[in-house]
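Worksheet: one structure, shown below.
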Amino acid sequence: MSDFDGEIVAFDNVGLRYGTDGEVLRDISFTLYPGSFYFLTGASGAGKTSLLKLLYLAQRPSRGAIRMFGSDVITLPRARLPAFRRRLGVVFQDFRLVPHLSAFDNVALPLRVSGMPESDVAKPVADMLDWVGLSHRYEARPATLSGGEQQRVAIARAVIGRPDMLVADEPTGNVDPEMALKLLRLFEALNRLGTTVVVATHDVHLLKKVPDSLIMRLDKGRLSDPTGALRYPPRAVRRESSAP
Amino acid sequence: MTRPGALNRAIVRGFSPFGGDRAARLVPQARLVGPMPWVIAIMVALTVVAAAGGLALQNMADTARAELSGGVTVQVIEAFPAARERQAGAVMEALANDAKIATYRRVPEAELDALLEPWLGVGATDATVPVPALIDVRLRGVADRAAIDDLQTRLLEIAPDARVDAQSGWLQPVFAAITSLQWLAIALVVLLALTSAAAVWLAARSALGSNRNTIEIVHLLGGTDGQIARIFQRSIGYDAVLGGVAGLAIGVAGVMVLGRQFAALGSGMMAGGGLTLPDWLMLAGIPVAGVVIAVVTARLTVLASVRRML
Ligand SMILES: Nc1ncnc2c1ncn2[C@@H]1O[C@H](COP(=O)(O)OP(=O)(O)O)[C@@H](O)[C@H]1O
Ligand SMILES: [Mg+2]
């Protein structure tokens, strides 16, 4: 896409503090390239969720600059942020499903928010729910689903709109290893279609499961670059235009 | 779906941000269980009654004014019956030949006696109290000061004890009272509108509070402030339509009962206090205004609240 040639996200000296406490994130600078697959690792409390919140535009940094899709999102007028959010898919650590909506309606939400005609909504939603193995739970409310099932609904909702960037916060934390692998394959499939993927996880075993992935490590709010991926841009990943 | 019905669907479609019936369930709806429709119904009913009262007073005053506009009373105040009759006869004759007079009528003694009886007692009027001769006159033009003075001057030449008064004169305090009542009705309507807006504001805020999580999710999925506001607008608009229709029904029923009771008074003055078709249409507009107030208030409240999110 022409508006973010070369980079999809760039953080420059970003810092984040909550209230008057010390900085939770310090001097964060990195660039994400379109079509790459990133793992964000770090111990619990290292600041992974905080970093992702900045990425999915739920939080303003206390300092520094953030560019996304070619625009400075810090100075962007508020009214223009929804258009950016619609280009993102987010799997929240706490899922954030709408409690009184069925699994089907939760997954359909991004499509409806973006104004897709109702007649076009049903098929992709059904396909996606089938893909995550919930074809029998269309009408189930989140409260009646297990933790793993809720997580799959959350993932289905995040990827349904074929986002430019997928941000997933511990997306395999509540599923068995077999399902975790299956969900990673889903992310990889999406990645092959051109979506930049950022997966936060404290599970180091997951990293080896995606061979081409790049690793960002957070340690007490500071970013390290164990593979050099952030300093040395990876090969350009071509977007494929074919459908899955 | 547990909320079928053509009206409902029309509303959902009309306000729908996402263009679907399913999206309408984004915010859980406590229809009829919540106090909102009832609050709005009571507000609308009270407003309808207050507005109907104001309009009826207006009509009453208009009718009375029109009826009295050309009306004057000629009194011949003379203690001796013979002289009184002579002067009254002369006045009648003069009126008959006056081009500016539309109609005139001597008020019969019996009628006068009947009018005075409650005050003076039966038979008291016969001789003990001298009663003036009364002539009801309707001028062709308006009974303004100049016309009355002109008639007075001419009549004095033939009947020295004739006194001409505008009939509306004694009604001035009544008109003043009616005007105050109308202001009261207007003030009531305004207060009720403000109270309705405040009630909707509270309802929208509590709905916002209990749906904060949902709002945040829609927000993070790229929902615009307008889309989020429309979810609540539709929800409160639906409540307002429900409450407005119920309130109009209650209010109109109240107005009809009151109207019938006033009509039963049989007073000439009350006869002009009926409501015309435009009045009824205006009353029917009150719930519409209520829905507009509710929807606009909900929108502004929600927008003010979501603007605080990044
Ligand atoms: N909303 C918040 N308010 C205050 N402190 C927070 C908030 N969210 C996270 N923190 C703190 O920021 C630090 C990083 O948390 P988090 O980003 O959730 O880390 P991780 O996802 O890696 O476990 C923790 O010390 C946590 O207590
Ligand atoms: Mg976390």
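Across the protein chains, with a 1.4 Å probe defining accessible surface, the residues A:170, B:216, A:139 rank A:139, B:216, A:170 from largest area downward.
When only Cα pairs under 8 Å and 6 or more residues apart are kept, what is the percent relative contact order across chain A?
Working: 442 pairs, mean separation 71.1, N = 244.
It comes to 29 percent, rounded to a whole number.
Taken along its three principal axes, the alpha carbon spread of the stretch A:1-98 comes to 39, 31, 28 Å, from the longest extent down to the shortest.
Each Lys or Arg adds one and each Asp or Glu subtracts one; over the other residues with Cβ under 12 Å from the Cβ of residue A:86, this totals +4.
Relative protection proxy for B:131-141, B:249-259, from highest mean packing down: B:131-141, B:249-259 (other beta-carbon atoms within 10 angstrom). Rounded to the nearest 10 square angstrom, residue A:144 shows an accessible area of 80 square angstrom against a 1.4 Å probe. In this structure, the pairs whose alpha-carbon distance is over 24 Å, taken from A:123/A:182; A:182/A:208; A:48/A:209; A:53/A:123, are A:53/A:123. Give me log10 I(q)/I(0) at q = 0.25 Å⁻¹ for the stretch A:97-162, Debye formula, one equal scatterer per alpha-carbon, no solvent. Ignoring solvent entirely, the Cα scatterers give -1.05.
Going by accessible area, probe 1.4 Å, with all protein chains left in place, what is the ranking of B:100, A:209, A:220, A:48, largest first? Don't skip to the answer; put the middle values down first.
Details: B:100 120, A:209 85, A:220 155, A:48 15 Å².
Highest to lowest solvent-accessible surface, that is A:220, B:100, A:209, A:48.
The mean number of Cβ atoms from other chains found within 10 Å of a Cβ in peptide B:228-234 is 0, as a whole number. Modelled label positions at residue B:158 and residue A:205, each set 7 Å beyond Cα in the direction of Cβ, lie 12.4 nm from each other. Each peptide in A:186-194, B:52-60 gets a packing score, the mean of other Cβ atoms within 10 Å over its residues, and the list from highest to lowest is B:52-60, A:186-194.
Extent along the principal axes, Cα only, for chain A: 46, 40, 36 Å, with the longest axis given first.
Regarding the stretch B:192-310, what is the average projected area of its C-alpha convex hull, in nm²? Don't jump to the answer; show the numbers that get you there.
On the way: hull surface 34.4 nm².
Directional mean of the projected Cα hull area for the stretch B:192-310 stands at 8.6 nm².
The values are calculated or read from the model by the stated rules, or taken from the named source; none is laboratory data. Quantities reported herein were computed from a predicted structural model and do not represent experimental measurements. So basically every Cβ, Gly included, is an ideal-geometry build from the backbone, and we count neighbours across all protein chains shown. Each accessible area value is taken on the protein alone, full model and side chains, heavy atoms only, with ligands, DNA and RNA left out. Shrake-Rupley method; radii C 1.70, N 1.55, O 1.52, S 1.80 Å.
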